[in-house]
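Encoded as structure tokens, the structure appears first; notes follow it.
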Amino acid sequence: AAPPGGARGRGRGIARGSCGCSPTAARSTTEFHCHMSFLTILGTAAVVSAAIFMELIACLAFPVESGTEWLLLLLLVPLVLAAIPLLLLRACAGDSLFSDTPKGRHWAEFGFAFFATGIIGVPSLLLLRGLIRWEAFALALGGLALPAITAALSRVCQRADSDPFSYR
């Protein structure tokens, strides 16, 4: 029979990490996860900062004779508010024994879709009314596409990491 400390050959009384590895390997695994979460936060901050910077450049770099290019700053309001329903859902969703989906998921998706429509609709309406130029419109939508593409690529990479046979 195997000794109570683990398989044959392992020493008794040696503390093992949560993954079943040695304490040194468990410590390095924890440091790796901590380092990856820091990089995730840093990357998210960089993408959001770049998107806001692109919106500000869209307002300042392409002036209009009527002086209405500052109206594109209105885009920052739905841009900030779009994340709130999803953040609230993530923060308030508790583990339920009887349901696979959180109770507020439908309302969070609705709130996000409402604000996302405003994010695309505001520059479109400003362009159609002639209050901004095409270049500012393209830069504003490019600033919105940057976080969307980053989120989609992040989701694909997470799925590929969780199931190695899903995309091969």
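The values are calculated or read from the model by the stated rules, or taken from the named source; none is laboratory data. Fair warning: this is a prediction, and the values are worked out from it, not measured in the lab. FYI the Cβ positions are ideal-geometry reconstructions off the backbone, even for glycines, and counts take in every protein chain you see. Keep in mind that these areas ignore ligands, DNA and RNA; they rest on the heavy atoms of the full protein, side chains included. Shrake-Rupley method; radii C 1.70, N 1.55, O 1.52, S 1.80 Å.
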In the stretch 67-82, anything crowded, with 16+ Cβ neighbours inside 10 Å and part of a loop (DSSP other than H, G, I, E, B) is listed as A82
Does A108 count as open to solvent by 70 Å² or more (accessible area, probe 1.4 Å) and part of a helix (DSSP H, G or I)? no
Going through (1) modelled with pLDDT of 85 or more; (2) open to solvent by 50 Å² or more (accessible area, probe 1.4 Å) one by one, A116 fails only at (2)
So, of the residues in the stretch 120-158 that are under 21 Å from A45 (Cβ atoms) and open to solvent by 80 Å² or more (accessible area, probe 1.4 Å), which turns out to be modelled with the lowest pLDDT? Q158
Can you find a residue that is more than 20 Å from L144 (Cβ to Cβ) and either assigned to a loop (DSSP other than H, G, I, E, B) or at pLDDT 85 or above (or both) anywhere in the stretch 42-56? yes
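Here's the yes/no breakdown for (1) exposed (fewer than 15 other Cβ atoms within 10 Å of the Cβ); (2) at pLDDT 85 or above; (3) among the aliphatic types (A, V, I, L, M); (4) part of a helix (DSSP H, G or I):
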{"residue": "A1", "(1), (2), (3), (4)": "yes, no, yes, no"}
{"residue": "R10", "(1), (2), (3), (4)": "yes, no, no, no"}
{"residue": "G20", "(1), (2), (3), (4)": "yes, no, no, no"}
{"residue": "T29", "(1), (2), (3), (4)": "yes, no, no, yes"}
{"residue": "M36", "(1), (2), (3), (4)": "yes, no, yes, yes"}
{"residue": "A58", "(1), (2), (3), (4)": "no, yes, yes, yes"}
Among the residues that make up the stretch 93-112, is at least one of them within 16 Å of the chain's Cα centre (by Cα), hydrophobic (A, V, I, L, M, F, W, C) and over 18 Å from E55 (Cα atoms)? yes
How many residues, within the stretch 76-94, are at pLDDT 85 or above and touching a Lys or Arg at 6+ places or on another chain (Cβ under 7 Å)? 0
